[in-house]
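See structure below.
The values are calculated or read from the model by the stated rules, or taken from the named source; none is laboratory data. This one's a predicted model, so the numbers in the text were calculated from it and none came from an experiment. Here the Cβ is made from the backbone with ideal geometry for all residues, glycine too, and neighbour counts use every protein chain on show. Accessible surface areas use protein heavy atoms only, side chains included; no ligands, DNA or RNA. Shrake-Rupley method; radii C 1.70, N 1.55, O 1.52, S 1.80 Å.
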Amino acid sequence: QERQWQPHLHIAMAPTKNMDRTEWFAEKATEIGVDEFTFLRCRWSERTVIKTDRIHKIVVAAVKQSHKAWMPAVNEMTDFKTFVEAVADRASASGRKVQRFISHCHDDVSTLQLKLPLRESIRPGEDVVVMVGPEGDFSVEEVEWAQDHGFQPVSLGKSRLRTETAALVAAYLMNLANQ
C-alpha cells in the first residue's frame, strides 16, 4: 500500500496523569495517521513512567482497525531536554528539513517568540515534530530551551485544550497539511 503522506510526522507529548487519556490519544492519532510517538518527561509532568508495551498494543489494534499499512513507532519516555537536543542533532545530521514546533499556553512572557497558528506554520512535504506539554503546560524555561534549539512556538487555537486533545489536534493538522 502506498503511504498516504510522505513526510515523517512525529508527536512528542507529556503523558497525562490518567493513562486512559494517553492511550486514547495514541489510538486516535494512529487512526488519523502519524509516524512516531515520543512521550516526554517534563518539569511539571505528573506521570514520569509509561508502559510503552501497552501503548504499542493499542497502536497495533488501531492500525488494523483503520487499515493502515504503516505502524507508528512508539518510543520510550524521554527527558524533555534530551529529546529537544536529539531532534536538533538528527535534523542537522540528516540534512533533511525538519519543522520543529512547541505548542504552549504562555502569552505574557517577553522572552518567548510570537506564536503562530500551527495550521499556518506547517509546510507540506517536510518532516514535522510537534511537542505538546503536560497538564499545567511546559515551563517557560523549557519553551526557551526548545526555541534555542530551533523549535518554533505555535498555537493550536484560542481554546485551552487538554493535553491529549492538543496532541490530537496537532496530529490532525500535520496529517491534513500533508495529504
field: Which listed residue is among the hydrophobic types (A, V, I, L, M, F, W, C), modelled with pLDDT of 95 or more and over 16 Å from Tyr172 (Cα atoms), from Phe39, Phe25
entry: Phe39
- request: Could you list all residues from region 8-18 that are over 15 Å from Thr165 (Cα atoms) and open to solvent by 10 Å² or more (accessible area, probe 1.4 Å)?
  value: His8
task: With the checklist (1) out of contact with any helix residue (DSSP H, G or I) (no Cβ under 7 Å at 6 or more places or on another chain); (2) among the polar types (S, T, N, Q); (3) farther than 19 Å from Leu40 by Cα; (4) buried (at least 16 other Cβ atoms within 10 Å of the Cβ) in hand, flag the one item Asn175 doesn't pass.
output: (1)
query: When you look at Val132, is it out of contact with any helix residue (DSSP H, G or I) (no Cβ under 9 Å at 6 or more places or on another chain) and touching a residue at least 40 places away in the same chain (Cβ under 8 Å), yes or no?
result: no
field: Inter-residue pairs, beta-carbon under 7 Å, first more than 14 Å from Gly136 (Cα to Cα) and in region 163-177, second among the small types (Gly, Ala, Ser) and not in a helix (DSSP H, G or I), 6+ apart
entry: Ala170/Ser103; Asn175/Gly33
statement: Picked from region 150-172 (must be part of a loop (DSSP other than H, G, I, E, B) and under 16 Å from Lys97 (Cα atoms)), the residue most open to solvent (accessible area, probe 1.4 Å) is Gly150
query: Of everything in region 135-149 that's open to solvent by less than 30 Å² (accessible area, probe 1.4 Å) and within 16 Å of the chain's Cα centre (by Cα), which residue is nearest to Lys17 (Cα to Cα)?
result: Asp137
- request: Find the helices (runs of 4 or more DSSP H) located wholly in region 19-134 whose residues include 3 or more that are open to solvent by 40 Å² or more (accessible area, probe 1.4 Å) and out of contact with any Gly (no Cβ under 9 Å at 6 or more places or on another chain), and list them.
  value: 19-32, 52-65, 80-94
